[in-house]
Amino acid sequence: MSELTFEQMLEESLKTIHTGEVIEGTVIDVKPDEAILNIGYKSDGILTRNEYTNEPNVDLTTIINSGDKMEVKVLKVNDGEGQVLLTYKRLAADRGNKRIEEAFNSKEVLTAKVSQVLDGGLSVVVDEVRIFIPASLVSDVYEKDLSKYAGQEIEFVISEYNPKRRRYIGDRKQLIVAKKAEMQKELFERISAGDIVEGTVKNVTDFGAFIDLGGVDGLLHISEMSWGRVENPKKVFKVGETLKVLIKDIDGNKVALSLKFDDSNPWKNASTKYAVGNEVTGRVARMTDFGAFVELEPGIDALLHVSQIAKEHIEKPSDVLSVGQEVTAKVVDFNEEGKKISLSVKALLVPETKEAPVETVAEDDADVVSVDIDAVIAKQEAEDAE
């Protein structure tokens with residue numbers, strides 16, 4: 001019996017490996033783009049960066065250390081240069097597929113970091129399985145720019161699992177919708193009309209602002225933003241700011257809000273401040289053909305009828321007045337119930353006499369003013385409502 005040479009004995013002591021086989025190896029060297037493993041074979045195994053992970057530009061020296069033991073899969077026994085090519089990510093993907101399948105069947109909520117922001121959505125990796133979340137399933141609202149999600153950890157469920165086509169679809173939207181529904185239910189159980197709550201400005205439009213109350217968006221209409229007149233909500237409110245608002249009304253899932261708090265209602269003390277006969281000063285806020293509306297303070301406008309602007313005849317208010325001009329006049333009518341005040345500059349210009357006191361002389365004009373006030377204010381309110 002012939003004796004075996006040292007080379008032959010060494011050859012027989014080494015195991016045989018096959019393509020596709022899962023083996024264990026020990027890391028003996030690591031470079032940024034590849035690791036070398038002792039796999040108990042006549043040649044060492046080579047694990048390249050591309051076969052370690054799907055993450056781009058990873059430096060292997062930061063995650064693999066010499067001496068580490070790893071399970072890998074044989075990709076090719078001989079790459080043409082006598083080297084054994086190994087893969088870690090494909091082995092992980094095989095196991096990851098099963099993990100994703102289980103998550104799909106159980107509707108498990110998964111968490112992963114966004115690895116790529118694509119034109120049509122987001123890409124995440126779970127156990128080396130790449131999952132695509134379409135833009136339409138990223139949120140419950142349309143988001144034009146998805147770049148803010150780059151590098152963020154997000155929650156999602158698997159809505160489509162097709163390993164044959166390597167099609168794995170994630171859905172974040174349904175989680176957001178479900179969470180909001182739960183928050184809405186909780187919110188509606190604890191709020192009612194008349195409550196004062198805190199919210200965050202979510203969006204501002206020409207007609208009002210939408211306030212996030214915590215799962216429910218309430219509308220703060222332009223007419224409820226102040227006791228005074230607000231011309232442009234976008235100049236008053238900013239997205240993201242916090243407000244304390246009054247719940248004015250709840251209709252189904254619609255919530256109407258207001259900033260007109262009772263304790264700041266300017267009409268509370270108006271009967272004393274603007275009693276008939278008082279001399280007051282204000283600024284012209286707006287004008288019509290019938291007269292000028294003078295703002296006495298935010299929330300209280302008084303009508304200065306065209307017939308009460310001067311002693312002489314005036315065709316239209318804009319002939320002698322301009323918006324923003326300061327005007328001093330006498331209160332000639334106060335209607336607290338209707339929240340209407342009438343002014344007269346003429347009453348300050350006409351001297352009082354026993355034969356013809358201002359109140360008496362102005363009676364004919366006051367009748368005209370009274371009729372026109374109702375008509376003009378009704379018209380103004382109709383225009384504001386539009």
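The values are calculated or read from the model by the stated rules, or taken from the named source; none is laboratory data. Just so you know, these numbers come straight off a predicted model, no measurement behind them. Don't worry about glycine lacking a Cβ; one is built from the backbone with ideal geometry, like all the others, and counts go over all protein chains shown. To get the accessible areas, we keep the full protein, side chains included, count just its heavy atoms, and leave off ligands, DNA and RNA. Shrake-Rupley method; radii C 1.70, N 1.55, O 1.52, S 1.80 Å.
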Q: Take the alpha carbon atoms of the range 191-210, find their center, do the same for the range 219-298, and report the distance between the two centers in whole angstrom.
A: 16
Q: State the volume of the convex hull built on the alpha-carbon positions of the range 125-202, expressed per residue in Å³ and rounded to an integer.
A: 133
**Q.** About the Cα centre, charge dipole magnitude for the chain (Lys/Arg +1, Asp/Glu -1 at Cβ), debye
**A.** 1080
Q: Any chance you could give the angle, 0 to 90 degrees and rounded to 10, that helix 173-190 forms with the longest Cα principal axis of the chain?
A: 40
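Quick one: accessible area per residue over the chain, 1.4 Å probe, rounded to a whole number of Å²? Mind dumping the intermediate values first?
Numbers: 22720 Å² over 386 residues.
The answer is 59 Å² per residue.
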Q: May I ask for the equivalent-ellipsoid semi-axes of the chain, computed as the square root of five times each C-alpha gyration tensor eigenvalue and listed largest first in whole Å?
A: 85, 19, 15
Q: Mind checking which of 103, 191, 246 is farthest towards the positive end of the chain's charge dipole, using Cβ charges of +1 (Lys, Arg) and -1 (Asp, Glu) about the Cα centre?
A: 103
Q: Select from 154, 132, 38 the residue farthest towards the positive end of the dipole of the chain; place +1 on Cβ of Lys and Arg, -1 on Cβ of Asp and Glu, and compute about the Cα centre.
A: 38
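Rounded to the nearest 0.05, what FRET efficiency do residue 95 and residue 186 give with R0 = 45 Å and r taken as the Cβ-Cβ distance? Could you check? Write down the numbers at each step before the final one.
Details: r = 40 Å, r/R0 = 0.88.
Efficiency for this residue pair is about 0.70.
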Q.
Per DSSP helix of 4 or more residues, -39500 (n - 2.57); summed, then divided by the residues of the chain. What does that give at 222 nm, rounded to the nearest 500?
A. -6000 deg cm²/dmol
Q) In whole Hz, what ³J(HN,Hα) sequence does the range 191-200 give by Karplus (6.51, -1.76, 1.60; θ = phi - 60°), x for Gly and Pro? A) 10, 8, 4, x, 6, 10, 10, 9, x, 10
Q: Obtain the radius of gyration and the Kirkwood radius of the range 10-129 from its C-alpha atoms and give Rg over Rh.
A: 1.04
Q: Would you mind computing, in nm to one decimal, how far apart the modelled labels at residue 238 and residue 76 are, each placed 7 Å from Cα along Cα→Cβ?
A: 6.0
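Note down the magnitude of the dipole of the range 215-254 about its Cα centre, charges +1 on Lys and Arg C-beta and -1 on Asp and Glu C-beta and zero elsewhere, to the nearest 20 debye.
Numbers: 7 positive and 6 negative charges, 39 e Å.
For the range 215-254, the charge dipole is close to 180 debye.
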Q: Report, in cubic angstrom per residue, the convex hull volume of the C-alpha atoms of the range 208-356.
A: 132
Q. Going by alpha carbons, how many degrees (0 to 90, nearest 10) lie between the helix axis of 89-106 and the longest principal axis of the chain?
A. 50
Q. For the cross-link pairs 107/179; 89/164; 202/254, which exceed 21 Å when the distance is taken from alpha carbon to alpha carbon?
A. none
Q: Please give the residues of the range 52-71, grouped as numeric ranges, whose backbone N is less than 18 Å from a label point set 7 Å along the Cα-to-Cβ vector of residue 123.
A: 52-59
Q) Taking the Cα centre of the chain as the origin and placing charges on Cβ (Lys, Arg +1; Asp, Glu -1), which of 115, 322, 66 is farthest toward the positive end of the dipole? A) 66
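Can you pull the percent of the chain's accessible area that's carbon plus sulfur, 1.4 Å probe, other chains left in place? Could the numbers behind the result be given before it?
Details: 10730 of 22720 Å².
C and S fraction of accessible area: 47 percent.
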Q. For residue 326 and residue 106 in the same chain, what is the full-extension length gain: residue separation times 0.36 nm, less their Cα-Cα distance, in nm?
A. 72.0 nm
Q: Calculate the dipole size of the range 108-221 relative to its Cα centre from +1 charges on Lys and Arg beta carbons and -1 charges on Asp and Glu beta carbons; express the result in debye to the nearest 20.
A: 560
